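This report refers to the structure that appears directly beneath it.
The values are calculated or read from the model by the stated rules, or taken from the named source; none is laboratory data. All of these numbers come straight from a predicted model, not from anything done at the bench. For neighbour counting, all protein chains shown are included, and Cβ atoms are generated from backbone atoms with ideal geometry for every residue, glycine included. Quick note on the areas: whole protein, heavy atoms, side chains included, nothing else; ligands and nucleic acids left out. Shrake-Rupley method; radii C 1.70, N 1.55, O 1.52, S 1.80 Å.
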Amino acid sequence: MSCALQSALPDIAMASSTALVYDEEMTSYKLLWDNAECAIEVPERISLSYKRLQHYGLAERCVQLPVREATEEEIMLIHSPEYLEVVKSTQTMEVEELRKTSEKYIAAFFHPNSYRCAKLSLGGTLQLVDAVMSGEVCNGLALIRPPGHHSQPSESNGFCVFNNVAVAAKYAKNKYNLQRILIVDWDIHHGQGIQYIFEDDPSVLYFSWHRYEHGSFWPNLRESDYDFIGKGKGTGYNINLPWNQIGMSNGDYIAAFFHVLLPLAFEFNPELVLVSAGYDSGFGDPEGLMRATPECFSHLTHLLMHVGHGKLCAVLEGGYHLGSLSESVSMTVRTLLGDPLPRLSGEMVPCFSALESIQNARHAHAPYWKSLLHDETRLIQEPSTKGLSTASPKHTDASIIDEFLENHMKKILHAVPQSTTCILSPGADTSRLATNVQVEESTAPSDQVKAAISVFSQENLGNDSLLQSVAKTLAAIDKIANGQTKNCIALSSNSSLSTQVALQHVSNLSFERVLCVCIGDMDPKLDATNDGKTLMLIISEDKPTERAHSDYKCFLKWNESLGEGSSFFYAVFRFILPVAYSYQPDLIIISVENNRSIGTKDILLLTSLLQGLSEGAVLSIVPESELELTVALCNVLSGCHSGMDFGPYKPPTEECVQDLKDEAVVMEKKWKLLQCFAK
Ligand code: X5A
Ligand code: ZN
């Protein structure tokens, strides 16, 4: 560990705050004639979403920012003066003329208030960008309409008037002198407008997944396919992930993030993340016909909060099922605020068609990104065309969708307040721990502690610091199990032994699946009668030669040469998170030994990401000597790490890519999210 890296860790947690941009005035335009295609873009999309945010008490927890009108100059960062004049002229038009003007474009409609609302929508987006870039808030969401991502320099398209996110990217680049902006478009339509605007620009990395069905879905463009990767200097900076079937679910979306977007996003290392946050990719939407449930958007948001120093602006695009939209918007905001995530529901198994799309997107981008370069991929010339029988119910089954959503939200939303406890030895220095962390000192070791230790070794019974350590570990687990704390850090003078005792202890409690990540050279024994209740992942400098490898115990070699940056993110997305999400633990133990071979920031990144899995239930076992790590872990576990930088990152080496691939092919039979090839 270099000193520079250590001192770069923030001591006092940054207050995390989230902005919300909304103004009722953006409901003041609507479709004025019959048009089935445009009828779904209704004012209630944003008013009901806002209501839902209020219902959950989320709106009042945000910094509520006023909208403003975008200036003509700002609009013309992307749009032509001629087009601006057309939009302006619609203000005074009668219905017939509005209709004629709308018909010049594809899937567009104008109302006398469209121009005003489009200026507020764009201006609101820029307000959010300013709040995030100035550091006033860490992140935020703009609940706006009209949407933007289909709009082009001289064209309205797909309900979009001005391209909010594209203008925001240009605006942020100019005003804050940014070199790298990531745009993640999780709307179910291809944001072709954004693609056209930045296709030759390497400073904007654009990712879009979209319903495609081999080109038969709107906007039916050849250039929406995976092989459209950008042009000129921008080659490699346009990532299209076309879905060739409907019915994609949580497992497919999460696999797409792990195996396509996230490795490239981390390698790109943006200074700002803009999300074209369309929720027509969610369950129940009549356009997308996909199956991702609202909490999936929590997970997507959480994953993205780890790039770009947490600077994330989510900007509403589509989303046409009002219930699904408002729940998904609420999930996004809840996560931006730092609340524990609900568990991701459903089978964590990507479908065959999704894997085909993922494989082809990886193949197309392999020449441009080190994270894909050595993981040799073949191209699937003709992705399968068979349909999926399990699409989201059609919108005619409205009551089925509403009922499902209502039950589903009840099931996944528990009152889970964030709370972090740190258990230290008596007299330990607590002055630097975040103020919202409960600090406790270990008590005298009880008979239970002695009994727990004696299972492993008799001679340790005389070792007082060891007894204390085990006492801390047991107390920590009990606190989590009893619901007294969400997560806990227990210091230990012997992490191996503490871990061993912890695993023994949890087997008597009600946890169903415990994921135990050991960082450093240790090999806690797993009970032979484990039957899947514990999954061990051991990350150490060298793999033991005699490896007792199984589906429930895997070893990961990580021995990064020192120097600037870490490529541990690659191991996180290629291996660790796919295994962890496949397993779906309800408790996570992260144990760090003195001889660890990964850096402090790597541990923080891993802990923060894993925390999303078990509704926040995490036990962290840390060596007594690691004060820096303890302080930083308190910040991460208590949700106060917004704005923290887990980098710098560097791309993985060829050896690293090969090693992980070898490991993945063995394990992917059991842990399906490891798959990134269709077979
Ligand atoms: C923003 C958005 C969709 C247009 C669909 C037209 N537009 N068939 O979701
Ligand atoms: Zn859309």
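One residue is enough: does the stretch 206-216 have a residue meeting the conditions more than 14 Å from ligand 2 (Cβ to nearest atom), at positive phi and of a type in the set (G, A, S)? Yes, there is a match, as at least one residue in the stretch 206-216 is more than 14 Å from ligand 2 (Cβ to nearest atom), at positive phi and of a type in the set (G, A, S). Scanning the stretch 156-171 for residues that are in a helix (DSSP H, G or I), surrounded by 24 or more Cβ atoms within 10 Å (Cβ to Cβ) and either within 16 Å of ligand 1 (Cβ to nearest atom) or hydroxyl-bearing (S, T, Y) (or both) yields N164, V165, A166, V167, A168. Going by the structure shown, is S281 within 21 Å of L126 (Cβ to Cβ) and either aromatic (F, W, Y) or open to solvent by less than 10 Å² (accessible area, probe 1.4 Å) (or both)? Spelling it out, it is not the case that S281 is within 21 Å of L126 (Cβ to Cβ) and either aromatic (F, W, Y) or open to solvent by less than 10 Å² (accessible area, probe 1.4 Å) (or both). Any residue in the stretch 540-547 that is at pLDDT below 95 and part of a strand (DSSP E or B)? Looking through the stretch 540-547, at least one residue is at pLDDT below 95 and part of a strand (DSSP E or B). Residue count for the stretch 284-304 under the criterion of being surrounded by fewer than 24 Cβ atoms within 10 Å (Cβ to Cβ) and not in a helix (DSSP H, G or I): the result is 3. The set of residues in the stretch 33-44 being buried (at least 16 other Cβ atoms within 10 Å of the Cβ) and aliphatic (A, V, I, L, M) consists of I40, V42.
Exactly one residue among V307, V315, V275, V349 is open to solvent by less than 10 Å² (accessible area, probe 1.4 Å) and away from ligand 2 (no atom under 14 Å from the Cβ), and that residue is V307. Regarding the stretch 195-203, can at least one residue be identified that is in a loop (DSSP other than H, G, I, E, B) and either within 11 Å of ligand 1 (Cβ to nearest atom) or open to solvent by less than 10 Å² (accessible area, probe 1.4 Å) (or both)? So far as the stretch 195-203 goes, no, none of its residues is in a loop (DSSP other than H, G, I, E, B) and either within 11 Å of ligand 1 (Cβ to nearest atom) or open to solvent by less than 10 Å² (accessible area, probe 1.4 Å) (or both). Listed conditions (1) within 11 Å of ligand 1 (Cβ to nearest atom); (2) more than 17 Å from S276 (Cβ to Cβ) are all met by N174, apart from (1). On the stretch given as the stretch 175-194, residues that are away from ligand 2 (no atom under 11 Å from the Cβ) and either part of a loop (DSSP other than H, G, I, E, B) or at pLDDT below 95 (or both) total 4.
So that you can scan it fast, the table gives a plain yes or no per residue for (1) modelled with pLDDT of 95 or more; (2) outside the structural domain of F573 (by TED's automatic domain parsing); (3) farther than 29 Å from L336 by Cα; (4) assigned to a helix (DSSP H, G or I):
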{"site": "E223", "(1), (2), (3), (4)": "yes, yes, yes, yes"}
{"site": "L241", "(1), (2), (3), (4)": "yes, yes, no, no"}
{"site": "L264", "(1), (2), (3), (4)": "yes, yes, no, yes"}
{"site": "S276", "(1), (2), (3), (4)": "yes, yes, no, no"}
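Scanning the stretch 140-154 for residues that are within 15 Å of ligand 2 (Cβ to nearest atom) and of a type outside the set (G, A, S) yields a count of 6. Can you tell me which of E317, E223, E271 is without any contact (Cβ under 8 Å) to a residue 60 or more places away in the chain, of a type in the set (D, E) and either away from ligand 1 (no atom under 16 Å from the Cβ) or farther than 26 Å from Q381 by Cα (or both)? Checking each option against the conditions leaves just E223. Of all residues in the stretch 127-155, those being closer than 17 Å to K173 by Cβ and in a loop (DSSP other than H, G, I, E, B) number 3. Restricting attention to the stretch 600-628, the residues that are assigned to a loop (DSSP other than H, G, I, E, B) and either surrounded by fewer than 21 Cβ atoms within 10 Å (Cβ to Cβ) or free of Cβ contacts under 8 Å to residues at least 24 places away in the same chain (or both) total 4. Pairing each residue of the stretch 25-50 that is more than 20 Å from R68 (Cα to Cα) and aliphatic (A, V, I, L, M) with any residue that is more than 16 Å from ligand 2 (Cβ to nearest atom) and open to solvent by 40 Å² or more (accessible area, probe 1.4 Å), provided the two are 6+ apart or on different chains, yields C-beta distances under 7 Å for L32/V95; V42/K30.
Going through the stretch 327-346 one residue at a time, which ones are assigned to a helix (DSSP H, G or I) and open to solvent by less than 10 Å² (accessible area, probe 1.4 Å)? Scanning the stretch 327-346 gives S328, V329, S330, M331, T332, V333, T335, L336.
Just wondering, is there one or more residues in the stretch 311-320 that are of a type outside the set (S, T, Y), under 14 Å from the mean Cα position of the chain (by Cα) and in a loop (DSSP other than H, G, I, E, B)? Scanning the stretch 311-320, I find at least one residue that is of a type outside the set (S, T, Y), under 14 Å from the mean Cα position of the chain (by Cα) and in a loop (DSSP other than H, G, I, E, B), so the answer is yes.
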